[in-house]
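What follows is one structure encoded as structure tokens, with my remarks underneath.
The values are calculated or read from the model by the stated rules, or taken from the named source; none is laboratory data. Quick caveat, the model's predicted, so the values are computed rather than measured. Note: ideal-geometry Cβ built from the backbone for every residue, glycine included; neighbour counts use all protein chains shown. Only protein heavy atoms, including side chains, enter the accessible area calculation; ligands, DNA and RNA are left aside. Shrake-Rupley method; radii C 1.70, N 1.55, O 1.52, S 1.80 Å.
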Amino acid sequence: MIEVQDLTKYYGSRLAVDGVSFQVDEGEIVGLLGPNGAGKTTLIRMLTCFMPATSGRATVNGFDVFSQSLQVRQSVGYMPESVPLYEDMRVEEYLRFRGEIKGLGGDALRRRMGDAIERCQLSDRRRQIIATLSKGYRQRVGLAESLLGDPKVLILDEPTIGLDPGQIREARRLIQHLGERHTVLLSSHILHEVEQVCSRIVMISGGKLVADGPLSELRTGIGGQGTTLLEAAGDDAEGLKRAIGGLHGVKSVSAEKAEGDYTAFRIESQGEADVRQAVGELAVRRGWRVRELHTQRPTLEEFFIRKTAEQNLRGRAN
Amino acid sequence: MSKIMAVMNRELRAYFYSPVGYIVIAVFLVLGGIFFGLMDFDANRPAEMRNVMFWLAGVLVFLIPVITMRLVSEEMSRGTIESLMTAPVTDAQVILGKFFSAVAFFLILLAPTLSYAVVLAVFAEPDWGPIAAGYLGLVLIGVLFLSIGLLASCCTRSQIVSAFVPFVFLGIMTFLCRFLTFHLDGLPRDLLRYVGFLTRYENFGKGVVSLNDVVFFLSLTVLALFLSVKILESRKWRGIRG
């Protein structure tokens with residue numbers, strides 16, 4: 001549905017998007033992830049034909065964003081960041097206007113408006129002036145607008161920014177729902193949001209693609225470097241540390257004093273090895289009182305930070 | 001075409017969402033009434049509207065920039081340009097829709113002045129030819145002003161700038177050009193007469209409709225609209241954010 005090949009964008013001499021390639025297949029909900037200023041919005045603006053790329057190619061729904069701009073715009077529903085709306089119009093008026101410039105009219109327009117209003121739960125705000133709507137409702141108007149043309153592809157730029165936790169959950173549910181009928185590309189800098197909605201993640205940082213894959217794959221990719229934590233009290237911490245270090249599958253161990261007379265051991269394991277049982281048995285055999293033993297799987301959050309940090313380092317090295 | 005109509009419809013409504021539209025109409029009609037009452041509606045004068053029309057054209061130099069300033073500038077400053085330009089409409093459709101809405105607003109503004117002609121007809125027997133010609137001239141010069149104002153609005157996101165620049169430009173092309181024709185001779189004077197908006201416009205007030213003048217106004221209008229479309233397109237090429 002969306003194909004991006006080597007897309008590059010310069011603002012003057014500043015490189016904003018640097019040779020990004022990825023693909024979104026039909027029916028997918030893909031999260032475009034990256035810290036603020038990573039080039040997400042620029043990338044999206046190129047996909048929605050708001051600005052041309054400096055080089056590279058992109059097609060949406062089979063149409064080239066450069067040479068078939070009108071067809072692309074016809075088949076994409078786009079909600080820009082911060083949802084710009086005509087403040088002085090009423091919700092219904094605004095949706096009618098947007099429907100008309102998307103080429104709808106008559107019965108079809110009325111049906112689509114009704115549908116969009118219903119799906120975004122705006123029925124009780126039809127006649128309200130947009131300027132008086134709360135942030136959450138404005139977001140819904142923007143979303144309803146992007147649904148009007150019943151587009152195959154929905155592109156949402158930071159759809160939950162500025163919403164409160166309750167509204168975020170609501171928006172998330174709505175987006176998940178949308179995934180049943182549309183292919184969705186949404187950008188965000190908030191990880192767990194993407195984690196809960198998207199089946200696949202495209203991560204960019206500093207204008208470059210740093211990761212692309214299904215969530216589960218990204219997770220196992222980082223799961224290998226898990227850390228096991230042991231907190232126990234007993235004699236001869238140094239001896240236990242050395243014994244744990246000798247266990248099969250353990251890469252390194254560090255020990256430090258925890259509160260009370262407990263000692264906290266951080267055990268880095270090799271590959272996929274699960275060392276919890278062996279560590280527990282060893283500690284008990286040596287007469288230690290165990291109060292905690294668990295494995296920390298690195299979250300996507302850590303992956304994200306690591307990836308963006310790598311990106312920064314590489315950027316500095318160049 | 002229906003997309004142009006949709007844009008026009010929205011823009012025309014927008015004039016009446018805010019007080020600006022009403023204020024512009026009120027100012028125009030109050031001044032028009034004063035000019036008509038003081039200069040044309042008099043027992044000792046011929047039943048014509050030459051003076052009121054001449055001065056109303058002058059008023060348009062101030063009022064038209066107020067009508068056109070928000071057309072594109074507001075879209076840029078509020079960010080709505082992004083949703084507008086990512087909708088399946090061409091730049092030309094957007095410009096034409098906005099232009100026609102301004103023209104429609106201008107005609108609404110002008111319509112009540114027909115009452116002056118009615119008043120004249122009640123008290124005397126006006127010569128309808130020059131009045132009709134005068135209206136044609138007023139519409140032509142107004143439409144030209146609107147297209148220039150629209151062009152300015154495409155150039156900046158600041159509404160103040162997009163009102164001030166055409167105001168100065170129109171002031172030069174109307175008042176200054178006309179003023180200088182009184183003080184110059186020879187070629188410079190002929191040149192200023194040729195390009196001055198007001199000197200062209202005066203011919204209509206006298207009842208003289210020449211193809212020359214009509215083409216002058218219309219071609220400049222088309223030029224300003226063409227440039228507006230090109231400037232809107234160029235925003236995409238210059239890589240300006242927002």
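Mean separation of Cα pairs under 8 Å and 6 or more residues apart, divided by the residue count, gives chain B a relative contact order of 27 percent.
For the listed residue pairs A:LYS40/A:LYS135; A:LYS208/B:LYS230; A:LYS152/B:LYS236; A:LYS208/B:LYS3; B:LYS98/B:LYS206, the alpha carbons are over 29 angstrom apart in A:LYS208/B:LYS230; A:LYS208/B:LYS3; B:LYS98/B:LYS206.
Contact order for chain A, expressed relative to its length and based on alpha carbon pairs under 8 Å spaced 6+ residues apart, stands at 19 percent. In this structure the stretch A:54-186 gives 42 Å² per residue of accessible area when probed at 1.4 Å with all protein chains present. Panel note: contact residues of the stretch B:63-83 (accessible area lowered by at least 30 Å² against the chain on its own; 1.4 Å probe) correspond to B:ARG78, B:THR80, B:GLU82, B:SER83. For the stretch B:2-236, the fraction of 1.4 Å probe accessible surface lying on carbon and sulfur atoms is 73 percent. Taking amide H as placed 1.01 Å from N in the peptide plane, the amide H of A:CYS120 sits under 5 Å from none that are at least 5 places away or on another chain. The B-A contact accounts for approximately 2800 Å² of buried accessible area, totalled over both chains at a 1.4 Å probe radius.
Taking the helices alone, chain A has a mean residue ellipticity at 222 nm of -11500 deg cm²/dmol, built from -39,500 (n - 2.57) per DSSP H run of at least 4 residues and averaged over all its residues. Peptide B:6-14 has a mean of 4 when you count, residue by residue, the C-beta atoms of other protein chains within 10 Å of its C-beta. Per-residue 3J(HN,Hα) values for the stretch B:97-109, derived from phi via the Karplus relation 6.51 cos²θ - 1.76 cosθ + 1.60 with θ = phi - 60°, read x, 5, 5, 5, 5, 5, 5, 4, 4, 5, 5, 4, 5 Hz in sequence order (x marks Gly and Pro).
Taking amide H as placed 1.01 Å from N in the peptide plane, A:TYR11 has its amide H under 5 Å from the amide H of A:ALA16, each at least 5 places away in sequence or on another chain. For the stretch B:188-193, backbone phi angles converted through the Karplus equation (6.51, -1.76, 1.60; θ = phi - 60°) give residue-by-residue couplings of x, 5, 4, 4, 5, 4 Hz, Gly and Pro being listed as x. When chain B is treated as a Gaussian network with alpha carbon springs shorter than 10 Å, the biggest mean-square fluctuation among B:THR221, B:THR86, B:THR199 belongs to B:THR86.
Counting 0.36 nm for each residue step from A:GLU259 to A:GLN23 and taking away their Cα separation leaves a gain of 79.9 nm.
Note: relative contact order over the stretch B:90-216, using C-alpha pairs below 8 Å and six or more positions apart, is 28 percent.
How much of the accessible area of the stretch A:122-234, probe 1.4 Å, is carbon plus sulfur, in whole percent?
49 percent
In this simple spin-label approximation, B:ASN44 and B:VAL215 carry label points 7 Å from Cα along the Cα→Cβ vector, and these lie 4.3 nm apart. The HN-Hα couplings worked out from phi for the stretch B:195-203 by the Karplus form 6.51 cos²θ - 1.76 cosθ + 1.60 (θ = phi - 60°) are 8, x, 5, 6, 5, 5, 5, 4, 4 Hz, whole numbers, x standing for Gly and Pro.
Per-residue ellipticity at 222 nm computed for chain B from its helices equals -26000 deg cm²/dmol, with DSSP H segments shorter than 4 residues left out and the rest contributing -39,500 (n - 2.57). Accessible area per residue for the stretch B:1-134, computed on protein heavy atoms with a 1.4 Å probe, is 41 Å². The angle between the Cα long axis of helix A:91-101 and the longest principal axis of the Cα atoms of chain A comes to about 70 degrees, rounded to the nearest 10. Cα gyration tensor of the stretch B:2-236, axes a ≥ b ≥ c as square roots of the eigenvalues: rounded (a/c below 1.5), prolate (a/b > b/c) or oblate? It is prolate, given that a/c is not under 1.5 and a/b is the larger ratio.
Take each residue of peptide A:102-115, count the partner chain Cβ atoms within 10 Å of its Cβ, and average: the result is 1. Within the protein assembly as shown, DSSP assigns beta bridges of which about 70% are antiparallel (rounded to the nearest 5).
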